[in-house]
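All remarks here apply to the structure that follows.
The values are calculated or read from the model by the stated rules, or taken from the named source; none is laboratory data. Since the structure is predicted, the reported quantities are computational estimates derived from the model, not experimental observations. Because the Cβ atoms are built from the backbone with ideal geometry, glycine has one as well, and the counts that use them run over all protein chains shown.
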Amino acid sequence: MKLLGYGLSGVGLGLIVASSKNIYSKFGFANFISGKVVLISGILMVLVGVFFLRSVNGRKKKSKVKQSKEEVPIYEGEGKDRKIVGYQKA
């Protein structure tokens, strides 16, 4: 999914750059497709690619154990010599 997002975004950026008049006139398909269509399709591909990237990064793994309250550690000792001996619900 992430690779697909990067690929679509890259191709979309390439189409946006290719839609400029200096570069677009050098291609053979300039007679069949207008520059605006290439620009709009490039923008859409970038948007779809970014959507794929955000949907992959937005997923978070949830723990199977549901905590009713947050637990805080109980320490024994002082300073650098203290150790965690248990947990207490806050």
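What residue, of VAL38, VAL48, VAL56, is in a helix (DSSP H, G or I) and either at pLDDT 90 or above or small (Gly, Ala, Ser) (or both)?
Numbers: VAL38 fails: either at pLDDT 90 or above or small (Gly, Ala, Ser) (or both); VAL56 fails: either at pLDDT 90 or above or small (Gly, Ala, Ser) (or both).
Only one candidate passes the filter, namely VAL48.
Here is a list: LYS66, LYS80, LYS61. Which entry is modelled with pLDDT under 75 and either assigned to a helix (DSSP H, G or I) or within 20 Å of the chain's Cα centre (by Cα) (or both)?
Numbers: LYS66 fails: either assigned to a helix (DSSP H, G or I) or within 20 Å of the chain's Cα centre (by Cα) (or both); LYS80 fails: modelled with pLDDT under 75.
Result: LYS61 is the single residue among LYS66, LYS80, LYS61 that is modelled with pLDDT under 75 and either assigned to a helix (DSSP H, G or I) or within 20 Å of the chain's Cα centre (by Cα) (or both).
Every residue in region 16-42 that is under 24 Å from LEU3 (Cα atoms) and out of contact with any Gly (no Cβ under 7 Å at 6 or more places or on another chain), please.
Those that are under 24 Å from LEU3 (Cα atoms) and out of contact with any Gly (no Cβ under 7 Å at 6 or more places or on another chain): VAL17, ALA18, VAL38, LEU39, ILE40, SER41.
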